[in-house]
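The values are calculated or read from the model by the stated rules, or taken from the named source; none is laboratory data. If you're wondering where the values come from, they're calculated on a predicted model, not measured in any experiment. Here the Cβ is made from the backbone with ideal geometry for all residues, glycine too, and neighbour counts use every protein chain on show.
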Amino acid sequence: MIRDRRIPVPRFLVDLSPLKKDLSYVKIENGVVRIGALTTLWEISRSTLHRDIRYAGFTDVFKKFGTMAIRFNATIGGNIASATQYSDYITLLLVYDARLRLESASGVREVSLEEFLVDKRTTIIKPNELITEISFREPPSGTSSAFIKFDRRELIIAGIVTGAFYLTKEGERVKDVRIAFDMVKERRIPGRARMTEECVIGKTLSESVLREAESCLEREMKRISDWWTSDEYRLDMSKTSLRRGLLLAEKRISSGVI
């Protein structure tokens, strides 16, 4: 954006790499998953988030995220701070009800990821603050997740449609469900599809329930047309992703395999 003169050339660029030692980690403490903001996607892939079925969506995101060179350098905090509909980890972390720790010389505050996002490339972060940590509650047993990213290519894709799906089952019924897409309403940032969640919770994932969920999503979601594709196509693929994502999360719960 600086190169293309879309934003003014700053007087200074601050290199955060000296903080790497302090802000690169994945740990679980007292039932809370904590991820340092400077943790690279490669480092996350070597953690429990890629081995435990409850976090399976992290593996899905990693597989579709750029090139290996990018995965070695990109940080989860940077992906969140960019705040666009192409920030895949935002979409995934929304279904984990993630929270962010923001720090400055003035102190520390904690906000929900949803609260943090205002619009495309617009957040509530203050000029003197840094994202230092992402956290969310450790999911219960009987939980898994999935991330679906659809485009015309398989690799190095921005994604015509991306969706994240979190499922907790109790017996055959859905005890908890969370659904997020790269864009739900008019704002070009990821968001939760809460009306669709209400159509699924407490039910079994039968064909009729999946059709009902697709209908709910169609009423809730507002897609846009651009040079890439039409709003009708995006909506149709969102419904397809919804079905595939929920069924994949359910399959992972029953099989225990990512």
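For R101, which of the numbered conditions (1) within 15 Å of the chain's Cα centre (by Cα); (2) at pLDDT 95 or above; (3) among the charged types (D, E, K, R) fails to hold?
All conditions are met except number (1).
Determine, yes or no, whether E29 is among the acidic types (D, E) and surrounded by 13 or more Cβ atoms within 10 Å (Cβ to Cβ). Break it down into steps so the answer makes sense when it comes.
Working: among the acidic types (D, E): yes; surrounded by 13 or more Cβ atoms within 10 Å (Cβ to Cβ): no.
No, not satisfied.
Please count how many residues of the range 138-157 are at pLDDT 95 or above and either loosely packed, with under 13 Cβ neighbours inside 10 Å or not in a strand (DSSP E or B) (or both). Working first, answer last.
Going residue by residue through the range 138-157, those that are at pLDDT 95 or above are 138-148.
Now drop any that are not either loosely packed, with under 13 Cβ neighbours inside 10 Å or not in a strand (DSSP E or B) (or both), which leaves 138-142.
Selection size over the range 138-157: 5.
Among the numbered criteria (1) among the hydroxyl-bearing types (S, T, Y); (2) under 26 Å from D119 (Cβ atoms); (3) assigned to a helix (DSSP H, G or I), which single criterion is violated by T240?
It fails just one condition, (2).
In the range 26-45, how many are in contact (Cβ under 8 Å) with a residue 24 or more places away in the chain, over 16 Å from G57 (Cβ atoms) and not charged (D, E, K, R)? Give the steps one after another, and end with the answer.
Let us first name the residues in the range 26-45 that are in contact (Cβ under 8 Å) with a residue 24 or more places away in the chain, namely 28, 31-42, 44-45.
From what's left, over 16 Å from G57 (Cβ atoms): 28, 31-32, 34, 36-40, 42.
Subset that is not charged (D, E, K, R): 28, 31-32, 36-40, 42.
Count: 9.
Among R173, R234, R152, which is out of contact with any Asp or Glu (no Cβ under 7 Å at 6 or more places or on another chain) and over 23 Å from I90 (Cα atoms)? Explain how you work it out, then say what you get.
Details: R234 fails: over 23 Å from I90 (Cα atoms); R152 fails: over 23 Å from I90 (Cα atoms).
Criteria check complete, one pass: R173.
For D226, work out the one condition from (1) farther than 21 Å from R187 by Cβ; (2) not in a helix (DSSP H, G or I) it doesn't fulfil.
Tallying (1) farther than 21 Å from R187 by Cβ; (2) not in a helix (DSSP H, G or I), D226 fails exactly one: (1).
Hey, R54 hits all of (1) among the basic types (K, R); (2) surrounded by 17 or more Cβ atoms within 10 Å (Cβ to Cβ); (3) within 14 Å of S135 (Cα to Cα) but one; which does it fall short on?
(3)
Are any residues in the range 1-35 modelled with pLDDT of 95 or more and touching a Lys or Arg at 6+ places or on another chain (Cβ under 9 Å), and if so, which ones?
Within the range 1-35, Y25, V26, K27, I28, G31, V32, V33, R34, I35 qualify.
Mind listing just one residue for me: the one in the range 72-103 that is free of Cβ contacts under 8 Å to residues at least 60 places away in the same chain and part of a loop (DSSP other than H, G, I, E, B) and, of those, surrounded by the most Cβ atoms within 10 Å (Cβ to Cβ)?
A98
Looking at (1) within 20 Å of the chain's Cα centre (by Cα); (2) surrounded by fewer than 15 Cβ atoms within 10 Å (Cβ to Cβ); (3) among the charged types (D, E, K, R), can you tell me which one D231 breaks?
Of everything listed in (1) within 20 Å of the chain's Cα centre (by Cα); (2) surrounded by fewer than 15 Cβ atoms within 10 Å (Cβ to Cβ); (3) among the charged types (D, E, K, R), D231 misses just condition (1).
Among (1) in contact with a Ser or Thr (Cβ under 7 Å, 6 or more places away or on another chain); (2) modelled with pLDDT under 95; (3) on the phi < 0 side of the Ramachandran plot, there is one condition R121 misses while meeting the rest; what is its number?
Tallying (1) in contact with a Ser or Thr (Cβ under 7 Å, 6 or more places away or on another chain); (2) modelled with pLDDT under 95; (3) on the phi < 0 side of the Ramachandran plot, R121 fails exactly one: (3).
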